[in-house]
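Asker: Attaching a single structure in structure tokens format; questions to follow.
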Amino acid sequence: MKDRGMIVAGVMSGTSADGINVALVRFGQNRRKAKMSLAGGAFEFLGHAEYPYPTKTRKAVLSAMNASAASVAELARLNFLLGELYSDAVTATERRFQFKSDLVGCHGQTLYHQGEPTTFLSRRVTATWQTGEAAIVAAQVGVPVVSDFRPADMAAGGQGAPLVPFLDYMLFRDRYLGRIVQNIGGIANLTAIPAGAAADEVIAFDTGPGNMVIDAVTQTLFHKSFDRGGSIAASGMLIESALARAMRHNFLRKKPPKTAGREEFGREFVESFLQSCGKRPKADIVRSATALTAKSITAAVLRVATETKGAAKRKPFHEMILSGGGAKNSTLVSMLRAELGSIGIRLRFSDEFGLPAAAKEAVAFALLAHETWHRRPSNLPSATGARRAVVLGKICYPQFSR
Ligand SMILES: Nc1ncnc2c1ncn2[C@@H]1O[C@H](COP(=O)(O)OP(=O)(O)O)[C@@H](O)[C@H]1O
Ligand SMILES: [Mg+2]
């Protein structure tokens, strides 16, 4: 029989609500045949494509996320509409790279995430909601779909996030190098993998805003959805006082593990940030928002590097591997390079490892779907705080086969 392996389409749409990323990944093929293989040949990256949301869709998604009161009918429709958009994105990617997938792993669009318990109607509950109807995707693409990855981890006492460290650990662990894998999406998160670490030694948490605040101030002040290449920020000057004030945000001072979203760095935060910038030139404000991302990442790295666990021991980190849309913001990247250089950490990009920066999270959900399909657990309890490793997600079967 021809060894074609199992092809999984990973579908991600993050908190930036910029659009949909689809990655095609082949698992379990004969190692020697894989053209470009990751994790020592355990899987092969076949291709990645990005589909920006139409402007009105992005607006609808953002307002659903930020809403204190939303129409149930609209949320229900949004769920089905996103299912259609995810299906279109997967089939377009299959056509583009000429591969048919056997399975889809679809993260969905997070509308709400609260990883820590709060009292609700006299019971302590955590809550999360990823929308984008998997039944639609299964029907349209014609293969099983794994979705809703986060609740199982939360049911096991975890925060339901971050889940990508499972991939980070698989791809980037090294016997001799301590590595920080840093993704800069809407929110920025890191996975710290000390040299020679076992899975339970991996530390992962959200570091704070990624592109979310930069996007919001750029939209408000320049009517552009993001600061392409970081060119606006490059032309501005830092407003020290606004940066210092923002760095005092409760989330940034909190001890990890911790997760953030629009609840922390959404509309309200941006309004107060803009206020603290006063009447300074608009480009200065974009620069300061960019500096906030760089500074909060560096602060988190310093914290990890000096953290004590049991007997006080300092873990040396040698490299940071960058991914996510923020890796394309040159101003942000140079700020990071300067800050990290001063503590002896070299900046690298996931692209250097055969994984395009924008594709990493989509690849992660292909991997998690593959593990679920084989009934294997794929959360890292050290990252999410869960009591144990569990099988993540729900599986939706197509009603017909292609
Ligand atoms: N060329 C670019 N220059 C600057 N920023 C970019 C560029 N491309 C993408 N980005 C930023 O990356 C964000 C999307 O990053 P992504 O990793 O998709 O985040 P998320 O996972 O939250 O969707 C955009 O909103 C934008 O801020
Ligand atoms: Mg995105």
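Asker: What are the extents of the Cα atoms of segment 313-393 along their three principal axes, listed from largest to smallest and rounded to whole Å?
Answerer: The Cα atoms of segment 313-393 stretch 43, 34, 18 Å along their principal axes.
Asker: Step through the table entries 224/254; 56/258; 59/224, compare each Cα-Cα distance with 25 Å, and write down the pairs that go over it.
Answerer: Working: 224/254 32 Å; 56/258 32 Å; 59/224 13 Å.
Distance filter (> 25 Å) returns 224/254; 56/258.
Asker: Gain in length, residue 155 to residue 353, computed as 0.36 nm per residue apart minus the alpha-carbon separation, to one decimal in nm?
Answerer: 67.9 nm
Asker: If you roll a 1.4 Å probe over segment 113-175 with all protein chains in place, what percent of the accessible area is carbon or sulfur?
Answerer: Reported share for carbon and sulfur atoms: 51 percent.
Asker: On to the next question. Just to verify a number: what accessible area does residue 396 come out at with the full protein assembly present, 1.4 Å probe, Å² rounded to tens?
Answerer: Solvent-accessible area, nearest 10 Å²: 30 Å².
Asker: Once amide H atoms are placed 1.01 Å from N in the peptide plane, what residues at a sequence separation of 5 or more from residue 114, or on another chain, have their amide H within under 5 Å of its amide H?
Answerer: Here the answer is 127, 128, since their amide H atoms fall under 5 Å of that of residue 114.
Asker: Once you've got the GNM for the chain with C-alpha springs shorter than 10 Å, pick whichever of 361, 50, 240 has the biggest mean-square fluctuation.
Answerer: Between 361, 50, 240, it is 240 that shows the largest mean-square fluctuation.
Asker: Multiplying the sequence separation of residue 234 and residue 338 by 0.36 nm and subtracting their Cα-Cα distance, what value in nm do you get?
Answerer: Result for the pair: 36.0 nm of gain on full extension.
Asker: Probe of 1.4 angstrom, ligands and nucleic acids ignored: what's the accessible area per residue over segment 167-305, in square angstrom?
Answerer: Heavy-atom accessible area per residue stands at 41 Å².
Asker: Here's a follow-up. Compute the normalised compactness of the chain: alpha-carbon radius of gyration over 2.2 N^0.38 Å, N being the residue count. Please list the in-between numbers first.
Answerer: Details: Rg = 20.4 Å, N = 402, 2.2 N^0.38 = 21.5 Å.
For the chain, the normalised Cα radius of gyration comes out at 0.95.
Asker: Just want the answer: with Cβ charges of +1 for Lys and Arg and -1 for Asp and Glu, which residue in 260, 239, 327 is farthest toward the dipole's positive end in segment 211-335?
Answerer: Most positive-ward Cα: 260.
Asker: Between residue 275 and residue 125, what length comes free when the chain is fully extended (0.36 nm per residue of separation minus the Cα-Cα distance, one decimal in nm)? Spell out each step's value before the answer.
Answerer: Values: separation 150, 0.36 × 150 = 54.00 nm, distance 3.43 nm.
Between residue 275 and residue 125, full extension yields 50.6 nm more.
Asker: Separate question: Provide the FRET efficiency to the nearest 0.05 for the residue 88-residue 219 pair, computing r from the beta carbons and using R0 = 25 Å.
Answerer: 0.45
The values are calculated or read from the model by the stated rules, or taken from the named source; none is laboratory data. Note that this is a predicted model, so its numbers are computed, not measured. Backbone-built Cβ (ideal geometry, glycine too); neighbour counts: all protein chains shown. Accessible surface is based on the protein model in full, side chains and every heavy atom, while ligands, DNA and RNA are left aside. Shrake-Rupley method; radii C 1.70, N 1.55, O 1.52, S 1.80 Å.
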